[in-house]
Structures are given as C-alpha cells and as structure tokens.
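The values are calculated or read from the model by the stated rules, or taken from the named source; none is laboratory data. For clarity, every value in this text was computed on a predicted model and none was experimentally measured. Cβ atoms come from the backbone with ideal geometry, glycine included; neighbour counts cover every protein chain shown. Only protein heavy atoms, including side chains, enter the accessible area calculation; ligands, DNA and RNA are left aside. Shrake-Rupley method; radii C 1.70, N 1.55, O 1.52, S 1.80 Å.
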Amino acid sequence: MLTEDLVCRAAVQAGLQPGAFIVRRLDAAQPAIQVDPEAAFYPASMIKTPLAAAALALVQDRELSLDDRFAVTAGNMTANDKPSPLVPGYESALRELIDLMLTRSDNVATNMLYDVLGRDRATGIVHSRFGLTRTAFRRKLSGSLPLISDPEWDGEHRNTHPPSDAARLFELIARSQVPLATLLRDVLARQQWNNKLSEGLHAGDRFAHKTGDTDEVTHDGGILETADGARYVIVAYTGMESNDANNARFGAFMRTLRAAL
C-alpha cells in the first residue's frame, strides 16, 4: 500500500532531493499523499499546462477558436530542445500552438500564447475558474541564455505553479472539469518527453503528462491510468538540475511507487 513514508523513502533512495511529491487516487476514496505540496520550486515548463487550460476556457467562451491563426513574431523566438516549425512569418492555428506547447514543450508557442491571452488575463482565468490561486504567468520563456527580451515583465517576479496547483489541474482535466478536457488529455498523452516518471511504469499503463526542465529544476507530473484501470494524479517537482543522470532518478522513484499502487 502506498503511504507518505514509502513515497519519502522512495525519493531518498532514488536521490530525488530536494523534492515535492503528490499522489492522489481518482477512482477510489483514498487520502492524497502530499510531501511539501507548496514548495516554491520554479515551475519551468509545467506552467504550460495551465496556460493551455486558460486558452481553452476562452475557446469555450467563443472568444477564441481553435482554428484562429496567429503570426509568429521575431520577438518570441527562442531555443527549443526539439526543432520547432514556428519561424517568423509563419501563421499557426491555436490548436497547433497548444499541441506544440504541450507535446514538444515548444517555447515559441508558449510565448505566442502569452501574447494571445495576455498574462494577467490568463492568471485571472486560472484563479477564478480552476482555483489555481498560486499560479501566475509573469515572464515569457527562454530556451537558452541570454533571456529573450520581455518588455512586459516587471523585472522581478517569475512564473509560479506549485505542485499543489499542478496536481489540482491534472485532477480537473482527468475528471473533465475544464473546457475541452478530452482534447487536453489527448495532447498530454502524446507527450514526447518520456524520460522521467514514464520509465518506471508497467506495460499497459498510460501516462498523460507534462515535464519541466531548467539548469535548476526538473519536474514531471500528470494523469496515470494503470493497466488494470486504476487512475491517479502523480506530481514530482525537484530542485535539481535537469540532466540525464538526474532525470533517470524519476524512473527509479516511479518503479517503487508503481509496485505499491
């Protein structure tokens, strides 16, 4: 049986420290396991899931359409870990921006959505509609140094999306309590970065998730459906540099958890 003590021991044994962890079963009445759920780790690309949810809320309100197209501007260009189709002058549909942002963690798509939605407006949406009161969109993303120019940034505050808000949002998506939840689940299930928690899953498990990576943090979290039909939200944030050695620790951690699910 999964317990807080087991989660903490699994994290120590895997070397995921410092870390924050949440495991919540969705299909049975079990207390959630939460280890430092409000930890103030920088969210990195975990911020992209609530940004997508805010965009889809405006689609539901008919203020945006998934087919609306937006021109890529030079000011939003930055590095990505995988080649991006987004180049200045290209017009991308909203559905493509959301897909690229989540499946490939495309930073250019993210920066474009900051402009389309407006960071203050997007923050207000996730607060009022989803209860993500500790989440805020403040600065555009940079895939490498130097940071891109962001005149709307206040020069001080960074994006925030703590483990507790990440877990809440994944649960809302799993329970179809956000607009176009089926679309979001499908996009998250096509995640192309699967070198962390996914490495510890069993054959037949399905994990719709998002990762976050910088030189100071590495995270993973999402919706797990096991081969026998149990459903969980699992979130793991760490204050460790994202590199191959550290990211491999997530697989060891997940193997211990998965044996107890």
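At-a-glance table
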| item | result |
| --- | --- |
| Unmet requirement for residue 165, which otherwise passes all of (1) acidic (Asp, Glu); (2) more than 19 Å from residue 211 (Cβ to Cβ); (3) in contact with a helix residue (DSSP H, G or I) (Cβ under 8 Å, 6 or more places away or on another chain) | (2) |
| Identity of the residue in region 65-98, of a type in the set (A, V, I, L, M, F, W, C) and open to solvent by 30 Å² or more (accessible area, probe 1.4 Å), that ends up nearest to the chain's Cα centre (by Cα) | 79 |
| Residue match in region 105-117 (condition: under 25 Å from residue 192 (Cα atoms), touching a Gly at 6+ places or on another chain (Cβ under 7 Å), surrounded by 15 or more Cβ atoms within 10 Å (Cβ to Cβ) and modelled with pLDDT of 95 or more) | yes |
| Top-ranked residue in region 164-179 [being free of Cβ contacts under 8 Å to residues at least 40 places away in the same chain and outside any helix (DSSP H, G or I); ranked as least open to solvent (accessible area, probe 1.4 Å)] | 176 |
| First in region 132-158 and closer than 12 Å to residue 111 by Cα and hydroxyl-bearing (Ser, Thr, Tyr), second anywhere and at pLDDT below 95 and in a loop (DSSP other than H, G, I, E, B), Cβ under 6 Å, 6 or more apart | 142/148 |
| Search result, residues across region 114-143 that are under 19 Å from the mean Cα position of the chain (by Cα) and either of a type in the set (A, V, I, L, M) or more than 23 Å from residue 64 (Cα to Cα) (or both) | 117, 122, 125, 126, 132, 133, 134, 136, 141, 142, 143 |
| Subset of region 47-63 that is open to solvent by 10 Å² or more (accessible area, probe 1.4 Å) and in a helix (DSSP H, G or I) - its residue that is nearest to residue 138 (Cα to Cα) | 59 |
| Tally of residues being within 18 Å of residue 66 (Cβ to Cβ), in a helix (DSSP H, G or I) and touching a residue at least 24 places away in the same chain (Cβ under 8 Å) across region 86-113 | 12 |
| Enumeration of residues in region 198-216 that are closer than 17 Å to residue 43 by Cα and over 13 Å from the mean Cα position of the chain (by Cα) | 214, 215, 216 |
| Residue selected from region 124-163 under the condition crowded, with 22+ Cβ neighbours inside 10 Å and not hydrophobic (A, V, I, L, M, F, W, C), by the criterion farthest from residue 49 (Cα to Cα) | 140 |
| Filter result for residue 78 (in a helix (DSSP H, G or I), farther than 24 Å from residue 176 by Cβ and either touching a Leu at 6+ places or on another chain (Cβ under 7 Å) or in contact (Cβ under 8 Å) with a residue 40 or more places away in the chain (or both)) | no |
